[in-house]
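The values are calculated or read from the model by the stated rules, or taken from the named source; none is laboratory data. Just so you know, these numbers come straight off a predicted model, no measurement behind them. Don't worry about glycine lacking a Cβ; one is built from the backbone with ideal geometry, like all the others, and counts go over all protein chains shown. Note: accessible area is taken over every heavy atom of the protein model, side chains too, but ligands, DNA and RNA are not part of it. Shrake-Rupley method; radii C 1.70, N 1.55, O 1.52, S 1.80 Å.
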Amino acid sequence: MDIARTPATPDGNPEMADAARQPSEPSLIRREDYLPFAWLVPQTLLDFDLGLESTTVTATLSVARNPAAARSPVIRLNGDGITAARVEVDGEESSSWTMDGDDLLLSLPGDAHQITIVTQIDPSANSQLMGLYGSNGMLCTQCEAEGFRRITFFPDRPDVLSTYSVRMRGSRAQFPVLLCNGNLTGEGEGENGTHWAEWHDPWPKPSYLFALVAGDLVARSDSFVTMTGRNVALNVYVRDGDLDRTEHAMESLKRSMKWDEDVFGREYDLDLFNIVAVSDFNMGAMENKGLNVFNTKYVLADPETATDGDYDGIEGVIGHEYFHNWSGNRITCRDWFQLSLKEGFTVLRDQLFSQDMGSAPVKRIEDVRVLRGVQFPEDSGPLAHPIRPDSYREINNFYTSTVYNKGAEVIRMMRTMAGEQRFRQGTDLYFERHDGEAATCEDFVKAIEDGAGLDLGQFRLWYSQAGTPKVSVELRHDGSTVTLALRQQVPPTPGQPDKLPVPIPLRIALFDRNGRTHRGEELIVLDSAEAEFSFDGFADMPILSINRGFSAPVTIERDVSRDDLVFLAARDDDPFARYEAMQELMTGHLVSAVGGELSDGDRDAARHDIARAMAAVIEDTKLDDLMRGELLLMPSQTYVAEQMLVADPGRIHAEREALKASIGSALGSELDALYARVEKVPYSRSSAACGARKLKTLVLTYFAASDPAKAAQLATSQYDRADNMTDRQGALMVLAGLDTVERTVKLMDFYDRYRGNALVIDKWFSLQAASLHGNALEHVKALREHPDFTMKNPNRVRSLYMAFAANPHAFHAADGEGYRLVADLILDLDPINAQTAARFVPPLGRWRRIEPGRAAIMRSELERVAAAPELSRDTYEQVSRSLG
Ligand code: TRP
Ligand code: ZN
């Protein structure tokens, strides 16, 4: 049976169950219902007659009965919006097929057959960007998760591995470059100005890793010699004119290949590795075997048009997709419930890679910020799910921060408990044991358990339970003994009211209050609901540093004095813990201020302590500037809101801005001196120079709150003198939030300067949608009418609306106008690009955690979306879960 479509039925005839389902309620796919597919597809031949408006696909599948599965008289070939022009079995036209919804069911009498199916598709009409679609005159594909079925009928599930040979033919003028997975095995001229290419991929793969690209492209070419001395040709394909912005991508690719050899012992396995950049893409990039397809955002960079953050993003995503070659392609997923098997592990691998390429502590802090800013809210809301979900209606909705980022944290915990060396023994065993297979998360855990010599019995709960564990901490001192009393609680989540305790590895240190050092870090594992850990030889109560390096993805609850936080912020030798102390200092203050618990005196005292800690950070000569920037960063509004059961976005915004202003005034001269110092650092890609640029704009954000006129003047001059996008975008970001004529002048200048560069114009939309300006909402309404705005390009849609939905003071406008704007977008976008539309539901789905007035409007906007006729499966699922 094909789990991708059909729930098991008691009468043993699952094929018929699907036909009866209501189209209005998409069926629920359950992990428990997995059954292997009845047929194997050892070989697949694809022939493409390419045209932008009409492409003819002839697929020839060699199929054989799967001895490991129950016999079935029919083969179910998935389709999505396609029709078969012709079906042949063993070379004869067949009529023994029927349609079941979108799927094609074909009766097969024997044990092995050859099936040929002809389909015709219109790539230019494919606005969903799944399957084969046109983008700027080129043709490209996106098949993960279930896009291949929009190209041809096929068992479109990740456990059906096949060897692909592909022949593609098209106009030489229109598509001078013809690319596919694997190696080029032939090419030549055809009739009427056509040409053709034949590709063969020797590695069996699931259909979601298939890719094809045809277009007018140019390449930056290079090569890499692998650890065993094989030469691999590398190409980064882009449109003519973009070639000089591909150097960083190519260098990142070569560094990734070397790093995976050095750190995980993984060698590349083809003679060719191609990357193609496309401007219309639903996500960041895709790891198709030998032919990675990337969003241009994660390929193109030069100092004039890309920020330091963009450079880091490119390195990380290039690494991520490259690392999938082993964690995803050589070992793939048995079914989509196992998505974290490849995504969690690959995110961990790209994080470790980026740590090694730059500042490890800063990278760790950035990753934790993403986790807490995106995944924690997901885990505490209506869409909470375990990293290995139990059911879904639309798999696209499960490419989540939970599956990716929490998935990475869970594997990182195994690494922390095993130590680097033993963890490597575990991953070696995993790669060896499951190479060539479609595996499960359980296979991964077992391999780490066996290879690293860990008992992960209870640890498996991290795969099945949703929700962020909460750890309450109490420190007691008695005589010369210190007792650390810990309690954990995993909160209830939708469908999971009761939870069991999970093993929580915590790296801790106890600082001597007077000696100002600690006696070595320890790793403790809290694996029960409550436990006590004792430490001897302390004359006084020490200061606790806990969850160092963010060793576990949990929230820590503790009573800690501001003095102790100031101490840790200045002295903790673990950079993450130091960052955390600064964050706790500010978050703690903001939460009490918003809760109305503070007298004026209390508020002043807290602000004074925060400013004092910041001054120490500014003056600490041992810090590098990148790290200094982290320590001077305020917690985001979302993060503060997340600490409260029910948040009032307006009040949090006001308190946070007031704190920012108080820091700007209290540290005026320190910040002036800092700005004067970093401003002199010339542009380079060195981490010192990146750090200087980070601080430059950070100082401006404080002045924007405390002294807007001064900020406007500094930002204007930073904008005018900028010789790189980091400085220019930073200055414009600050100006965009201010009420000054320079705001308009520089926004216009920026637009004129970069008109025609889509990625930079995306920034222009984002800066306005994300701005602190009081009229940001009105600006967004105007921008959606801008001639450069289009619903057809996901980058452009996200640049305006994701930036807006993440801008608390605008999105949470008290009259609900921000919610209406996002609901309107979802309704307008859903028929065009359902996958992207559904990604705008979670911001509205947070209604239970927002004060009642706003919550009611959020809910009613969700209901308005839910009531729309013909909602996509994607949006339907997200909206119904959010209301449920
Ligand atoms: N596997 C891709 C990655 O993580 C994700 C991806 C790219 C994707 N494009 C997609 C997932 C389209 C779903 C749909 O690298
Ligand atoms: Zn991935």
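Observations on the model:
- Expected-Rg normalisation [2.2 N^0.38 Å, Cα atoms] applied to region 372-484: 1.30
- Accessible area ranking (1.4 Å probe, heavy atoms, ligands and nucleic acids excluded), largest first, for K792, K710: K792, K710.
- Helix 247-264 and the longest principal axis of the C-alpha atoms of the chain enclose an angle of approximately 90°.
- Contact order relative to length of the chain, as percent, for alpha carbon pairs under 8 angstrom and 6 or more apart: 8
- In the context of the full protein assembly, V263 retains an accessible surface of approximately 50 Å², using a probe radius of 1.4 Å and ignoring ligands and nucleic acids.
- Of the solvent-accessible surface of region 113-180, computed with a 1.4 Å probe over protein heavy atoms with every protein chain present, carbon and sulfur atoms account for 44 percent.
- Surface exposure of the chain, expressed per residue as accessible area with a 1.4 Å probe, stands at 36 Å².
- Restricting the trypsin sites (Lys or Arg not before Pro) of region 52-142 to loop positions (DSSP other than H, G, I, E, B) with no more than 11 neighbouring Cβ atoms within 10 Å leaves R71.
- Average Cα contact separation per residue, region 334-464, under 8 Å, 6 or more apart, as relative contact order %: 32
- Proportion of all alpha-carbon pairs of region 762-834 beyond 19 Å (%): 25
- Rg/Rh, computed from the Cα trace of region 282-324 with Rh as the Kirkwood radius, has the value 0.99.
- Computed accessible area, S380, all protein chains, 1.4 angstrom probe, square angstrom: 50
- Mean Cα-pair separation over length for region 742-884, i.e. relative contact order, pairs under 8 Å, 6 or more apart, %: 18
- Ordered from largest to smallest accessible area (heavy atoms of protein chains, 1.4 Å probe), the residues S860, S95, S551 come out as S95, S860, S551.
- Most tightly packed first, judged by the mean number of other beta-carbon atoms within 10 Å of their residues, the peptides 814-826, 798-810 read 798-810, 814-826.
- Largest accessible area first, the listed residues L645, L829 line up as L645, L829 when surface is computed with a 1.4 Å probe on the assembled protein chains.
- Its Kirkwood hydrodynamic radius, worked out from the mean inverse distance over all distinct Cα pairs, puts region 24-140 at 16.0 Å.
- Relative pair counts by distance (%), Cα atoms of region 311-434, 5 Å bins: 2, 11, 19, 24, 21, 15, 7, 1, 0
- The angle between the Cα long axis of helix 420-434 and the main principal axis of the chain comes to about 10°, on a 0 to 90 degree scale.
- Using every pair of separate Cα atoms, the Kirkwood estimate puts the hydrodynamic radius of the chain at 28.9 angstrom.
- When shorter helices are ignored and each DSSP H run of at least 4 residues is given -39500 (n - 2.57), the per-residue value for the chain at 222 nm works out to -12500 deg cm²/dmol.
- Under the Debye formula (equal points on every Cα, no solvent term), log10 I(q)/I(0) of region 217-313 at q = 0.16, 0.19, 0.20, 0.24 Å⁻¹: -0.67, -0.93, -1.02, -1.33
- 10 Å binning of all Cα-Cα separations within region 576-652, expressed as whole percents from 0 upward: 18, 46, 29, 7, 0
- To the nearest ten degrees, helix 575-594 and the longest principal axis of the Cα atoms of the chain are 70 degrees apart.
- Highest mean first, the peptides 322-329, 557-564 sorted by other C-beta atoms within 10 Å per residue fall in the order 322-329, 557-564.
- DSSP-defined antiparallel bridges as percent of all bridges, the chain, nearest 5: 80
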